[in-house]
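Q: Provided herewith is a single structure, encoded as structure tokens, for subsequent inquiry.
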Amino acid sequence: MRNLLIRLVVLPILFLIILPYPSKAENTGVLKKNVYTDTKFGFQLTGLDNWKMKSEKEPSLLRLVMTQKNYKASNIPGSTQYTTSIPTIIILADTTSFTLKQVEQSLFEQKGNMANRNEFLMKLDLIANSEYLEIQDITVDSIPARDYTLKQSYKRTGEDIRVHDSMYGSTVIINDFLAGHVVLFKKDRNVYVIQFSCEREFFYPNSVEFQKILASWKFSPQP
């Protein structure tokens, strides 16, 4: 009986020692200062000094999030730093057998069932209920790409401190819209989707910065 008890205690311990620990997913997206290198999807991107960059842990469709530092609050009555959307750039990537046209139709026209489409759309929050301002063909590091310029209307509540009906001002409804770009392109089996969004009144200066960041995109040389 005693030998049996010893075995029941010792054997599980031996199994824990012998069995390997599950390995953590390798971090294939690396940030060094303002340069992001993604070895999994084979590209490099350089940010600007006034943009904060954060890479995502594996596994993730979302590869990189960039937010503008010291962004301005909207000048619309009732708006504050807290009601103003932070200028943001997100980069998603995945492998797919879909063509670029099929990816485009799946995300924007809900045609075709691309793998991870719902997860893409959850991250690409500028697409839903948006109005297309412009669609154009561009290139990203010589690769053909599609660039959607979008606007997304919203209503928010705020406090207009200029109104002195009470010590807290007066509640107002803010009617405005977000504006931005969604850029899609594909290289080999990898599809890339980049979204940039910000408040309407800051769109043009921030769009210039977005274009500079996008122009820094470089694909890694083939091994």
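Q: Under a straight-distance cross-link criterion of Cα-Cα below 18 Å, which lysines are reachable from K101, leaving out those fewer than 8 residues away in the same chain?
A: Partners within reach: K111, K186, K187.
Q: For the stretch 57-146, which chymotrypsin sites (Phe, Trp or Tyr not before Pro) are both in a DSSP coil and crowded by at most 15 other Cβ atoms within 10 Å?
A: Those satisfying the criteria are Y82.
Q: Using the count of nearby Cβ atoms within 10 Å as a rough guide to exposure, how do I213, I91 rank from fewest to most? Could the numbers behind the result be given before it?
A: Values: I213 20, I91 26.
The fewest-first ordering by Cβ neighbours comes to I213, I91.
Bear in mind that the values in this text are calculations on the coordinates, not laboratory data. Owing to the predicted nature of the structure, the values given are computational and were not obtained by experimental measurement. Note that each Cβ is placed from the backbone with ideal geometry, even for glycine, and that neighbours are counted across all protein chains shown.
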